[in-house]
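*Asks:* For reference, the structure I am asking about is given below.
Coordinate-derived values only; no laboratory data. Because the structure is predicted, anything quoted here is derived from the model rather than measured. All Cβ positions, glycine included, derive from the backbone under ideal geometry; neighbour counts span all protein chains shown.
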Amino acid sequence: MRNNTLIRKKRNRAKLKRVNTNKPRLTVFRSTKYIYAQLIDDSKRSTIVSASSKEKALEKQNKTEMSKVVGKLIAERSLEKGIKEVYFDRGSYKYHGRVKSLAEAARSGGLKF
C-alpha cells in the first residue's frame with residue numbers, strides 16, 4: 001500500500017476504536033474482481049461471520065450488484081448469530097461505489113451502524 005492509504009486506514013481505524021469498544025467491526029476488503037466482508041470481535045481477535053462475492057455464482061452481475069448481495073448476505077448471517085449493531089470499518093477505501101452499496105445493503109438487511 002502507498003503511504004497515503006496506510007495513513008487513511010490508520011486514521012479511520014483509530015477513530016472507530018475510540019468510540020466503539022464493545023461492538024463487532026464490519027470490515028470490507030475490495031479487490032479488483034471481488035468484495036469481501038467480515039464481522040470481527042476485537043476483544044477476542046476472532047472472525048464471527050464472513051461473506052464474499054466468490055461464494056455464489058454472480059458472474060453476470062456487475063461489481064456494484066455483487067457488493068449489494070454480499071451486504072445482504074453478511075446482514076442475514078449476523079442476525080442469525082444474534083448481532084444487530086456493528087460499526088463499519090471501511091479501511092483505506094473511500095465511502096462510495098462498491099463500499100457504499102455494501103454498507104447500504106447491510107443496513108437494509110437489518111444491521112445498525
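*Asks:* Work through the residues other than E85 whose Cβ is under 11 Å from its Cβ and net out their charges, Lys, Arg +1 and Asp, Glu -1. Write down the numbers at each step before the final one.
*Replies:* On the way: positive: K23, K84, K112; negative: none.
Value of the local net charge: +3.
*Asks:* Right, next: Take the Cα coordinates of the chain, assign each an equal point scatterer, and use the Debye formula without solvent to give log10 I(q)/I(0) at q = 0.10, 0.11, 0.12 Å⁻¹.
*Replies:* -0.27, -0.33, -0.39
*Asks:* Cut-off 10 angstrom, C-alpha nodes, Gaussian network model of the chain. Which of K63, K15, K84 fluctuates the most?
*Replies:* Sorting by GNM fluctuation, first place goes to K15.
*Asks:* In nm, what is the difference between 0.36 nm times the number of residues separating K84 and K60 and their Cα-Cα distance?
*Replies:* Numbers: separation 24, 0.36 × 24 = 8.64 nm, distance 3.11 nm.
Computed gain between K84 and K60 is 5.5 nm.
*Asks:* Right, another one. Treating only the Cβ atoms of Lys and Arg (+1) and Asp and Glu (-1) as charged, compute the dipole magnitude of region 3-108 about its Cα centre; round to the nearest 20 debye. Can you show the working numbers first?
*Replies:* Numbers: 28 positive and 10 negative charges, 113 e Å.
Dipole size: approximately 540 debye.
*Asks:* Continuing with this model, one more query. State the antiparallel share, in %, of DSSP beta bridges confined to the chain, rounding to the nearest 5. Before the final figure, lay out each step's value.
*Replies:* On the way: 12 of 16 bridges.
Antiparallel bridges make up about 75 percent of those DSSP assigns within the chain.
*Asks:* Any idea what the relative contact order of region 3-108 is, in percent, if you count C-alpha pairs under 8 Å spaced at least 6 apart? Numbers along the way, then the final one.
*Replies:* Values: 155 pairs, mean separation 34.1, N = 106.
After rounding, I find 32 percent.
*Asks:* Quick one: net charge of S43's neighbours, Cβ under 13 Å, K/R +1, D/E -1?
*Replies:* Values: positive: K17, K23, R25, K44, R45; negative: D41, D42.
Counting the neighbours of S43, the net charge comes to +3.
*Asks:* Pairs to check: K68/K112; K23/K81; K44/K100. Give those whose C-alpha atoms are more than 23 Å from each other in this structure.
*Replies:* K44/K100
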